[in-house]
Structures are given as structure tokens and as C-alpha cells.
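Student: Provided herewith is a single structure, encoded as C-alpha cells, for subsequent inquiry.
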Amino acid sequence: MKGLFVLVLTFLFWSCKNDLDLNAPYKEIPVVYAVLSPQETRHLIRINKSFLTEQDAHQVAQITDSVCYNEGELEVKLDRFVNSKQVNVVPTRNVKTLYFKDTLVTTVSGSFANQQRVYVAYGDFHNELPRLDAYGVNINPNWKVEGNYMLTITNKKTGAVFTATSNIIDSIRPSGFPPFVNFYYPVPPGAAVNENNYIDYSEPLKTYKIYYNTNESEIYQTSIRFHCYEDIGIQKGYFFLEYNFYNQYLKEKKTDGIFRDKLELSFTGNELFEAIGNQLAKTNLNSNALGRKFYMIQYLVYSSTQDYADFLLFTKPSNSFAPNKPLYSNFNAKSAMGIFTFRSRCMIQKAPSTAFVSEFQRNSNTCNYLFYNADNSRKGCSQ
């Protein structure tokens, strides 16, 4: 592969263009993936170099220096503005500007060098510290994020500066409808045994619906994780199975009734257990396990900006040949390729009903994996 101009992304997407001038002078175009989460305190940004080569591009991409900037070559910083005034980017630590430190990490083998340079910083973007209840749920009403953030990348060697801005977004709030209602896992002794406290998706032909709140986000991505353990004698091994929904968008929200401004997810018991069975077949389970048990459900709703929705659309794999498909950029003047934005996460944990736990032991999609029923009196399909 000779004379190929390659835009190298660690989160990789490819685009073909047929109008490149291979004899044109080199222009520095960093490729950036900076999708930050307000729910995390460790923030990671990936920045790679584009390169022009007459050699085999895949071989060149295996060389760390070809795709990564040198140590200390870039200054990467984050600033925050509220009402056009610069304020602390980490309010609880009185940090006005957050600087990212570069470090090398080892990645899985593939088309690119195993050693990749990433940029890491630590800090909580919330304006106050959380107050957690016994279930790990924040109960501080003033725990929020706000402001417009500017990411600035400066090449200290060339003097080139690349900037992008994004409004931070908060996570969705509980909707008041199951499962987004107390009590969360673990349910306290004496609590009512009802759909608010215990989740039951055990009926194969029943259609189940979940409603959750929207906010200023444009795109919503929901996953349900089914946490299980393996009985391996005196120890337990833990794993989870994930059920993912299609992306949803703000325009799909309900506009009237008790579900106004909420998004709806629906699935049948059969659909759920077929998906769980398919995941179990691909999961590296312990062959020496005496049995397995499902014990907790975790709901995760990720929400993000219009920029992130556009980025996913631009980088969506396609079987068609689109020679003029552009690369995505929300950087000023498209001086860099890639994205800077925020993606929030709402996470709750719920307890399953006894019927739901026992269905893992009975259902034909899961029983072969030696799941126990709720009271551990049976396991596997034959019992």
C-alpha cells in the first residue's frame, strides 16, 4: 500500500478519499477522541498523529513514533466557563485549569502499535461533593454539573493550537417508575415484595416496558446487566451478562400523559432470555463450577450530546464505497479530526424477584449452564 495518507485513530475509523495530493506539504492534523464522563474522576483523552508515507501504511502504523506524539510534546488542558466567565474546572478542589499528563499504555495487538500514548487527568466536575445513602445513591440535590468547557491542545514543538468546546451534560434523573424508584439493591428486610422493589422479567410471552427521563441530551444508550456468580466450592466467581438496546434520540420522547418527556424501552421475556443464552454461549465460564446463580440487576443509561450522535453517524461502519465521505470533527476550523464532548451515565442496581431468579434455572436458554433456582433447591435443566 504505497503513498497512502492515513488518519490514525486509536478508536479507529477509516475514510477513503480520492483527491489527495501525495506531493502536498505535510500539514499537522491530530486525531482526537475526548469523550469525558462527569461521573468519573479519571479522564482519558487519546490523541494520535496523521502521517504520510510511501511505505506500507500498516507496517508504519505498528511503529509507536509514527502514530503517537513524543513525550511532553503536547500540552493538553481543560478550562470551564459559566456565563462567559472562567471558573474552576474542578470546583471542590479549587482547580481553575485541568492539565492532562501523557503516559504510555499497552493495548491489544492489532493494526496499530501496542504502545499508545494517552493523556490522563483527575478531578470531579460536580460543584459539590455527593451525599450517598445506604444504597450508594446520591441524595445531595445540589450535586450537579454545569458550564461550557474548552479543550486546548498545543504542540509545544510547532506552536500549533487546536481547540474545541462543549457544554457539559448531567445524567438523567430517576423517573419514579420501576425500575427507577426505591428500594434499590439490596432491599432492606421487611420491605414490600412488589414491582417497585423487586424486578420480574420471568414470563416468556409478556412484554415488559421501561420508562426513563430525558434531559438536554440528544442520544440515549441503555444497557441492562444481569450479575451472576459461579459456585466453585468455598469461593465464588462473579460475571455479568449484558442486554443492550438500540440507541434512542430525544425526538422519540413521549409528549403527553403520565409518561410525558420520557423514553420507552420494550422487550419480551423470550427476547431477553434468548439474548442471555447467546451471551452465555460466548462467555468464558469456569468449567469446574458446581452451579451458577443470578442475584442482581444493574441498569445503565448513557446520555450524550448532538456532537456525539453526529460522531456515531459519521463513524458508523458501511459496506458501501463512499470515496468522499468526510472525517468527523467538532474542533474549531476543523483543525483536528475527532471529537470533544461529554457522555453521562445514570446507574442503579435492583434486586430480582424469586420468580425471575428461578427462571434462569428453568428456561431452556439458560438451564444448561447449571443455574440455581431462588432457594438453591434445584439447578440445571433436569431438575
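Student: Mind checking which aspartates and glutamates have their Cα closer than 18 Å to the Cα of LYS49? Skip sequence neighbours fewer than 8 apart in that chain.
Tutor: Qualifying aspartates and glutamates at Cα under 18 Å: GLU28, ASP65, GLU71, GLU73, GLU75, ASP102.
Student: Under 5 Å between amide hydrogens, which residues at least 5 positions from SER329 or on another chain qualify, with H placed 1.01 Å from N in the peptide plane?
Tutor: It is GLY338, by chain and number.
Student: In a solvent-free Debye calculation with one equal scatterer on each Cα, what is log10 I(q)/I(0) for region 89-199 at q = 0.13, 0.16, 0.20, 0.21 Å⁻¹, listed in the order of the q values?
Tutor: Values, matching the q order: -0.81, -0.96, -1.12, -1.17.
Student: If I stretch the segment between VAL181 and ASN70 completely, what's the gain in nm (0.36 nm per residue apart, minus their alpha carbon distance), one decimal?
Tutor: On the way: separation 111, 0.36 × 111 = 39.96 nm, distance 4.94 nm.
Stretched out fully, the VAL181 to ASN70 stretch lengthens by 35.0 nm.
Student: A further question on this structure: Once a ≥ b ≥ c are taken as the square roots of the eigenvalues of the Cα gyration tensor of region 169-260, is the result rounded (a/c under 1.5), prolate (a/b larger than b/c) or oblate (a/b not larger than b/c)? Mind dumping the intermediate values first?
Tutor: Numbers: a/c = 2.03, a/b = 1.60, b/c = 1.27.
Taking the square roots of the gyration eigenvalues as a ≥ b ≥ c, region 169-260 is prolate.
Student: Taking the mean number of other Cβ atoms within 10 Å as a proxy for protection, how do you rank 266-278, 299-311, 230-242 from highest to lowest? All intermediate terms of the calculation are to be shown ahead of the outcome.
Tutor: Details: 266-278: 16.7, 299-311: 20.8, 230-242: 13.5.
Order by mean packing, descending: 299-311, 266-278, 230-242.
Student: Now a separate question. Going by average Cβ neighbours within 10 Å, how do the peptides 40-46, 339-345 rank, with the highest at the top?
Tutor: On the way: 40-46: 16.1, 339-345: 21.9.
Ranked by mean Cβ neighbours within 10 Å, highest first: 339-345, 40-46.
Student: Something else now. Would you please classify the overall shape of region 248-383 from the alpha carbon gyration tensor, given that a ≥ b ≥ c denote the square roots of the eigenvalues, rounded means a/c under 1.5, and beyond that prolate means a/b larger than b/c while oblate covers the rest?
Tutor: Numbers: a/c = 2.84, a/b = 1.92, b/c = 1.48.
Prolate is the answer for region 248-383, as a/c is 1.5 or above and a/b outweighs b/c.
Student: Also: Provide the packing ranking of 354-363, 145-154, i.e. peptides ordered by the mean count of other C-beta atoms within 10 Å per residue, highest first.
Tutor: On the way: 354-363: 20.9, 145-154: 18.9.
Averaged packing, sorted descending, gives the order 354-363, 145-154.
Values in this text are rule-based calculations from the coordinates and carry no lab data. Quick caveat, the model's predicted, so the values are computed rather than measured. Every residue, glycine as well, gets a Cβ built from its backbone with ideal geometry; the counts of neighbours run over all protein chains shown.
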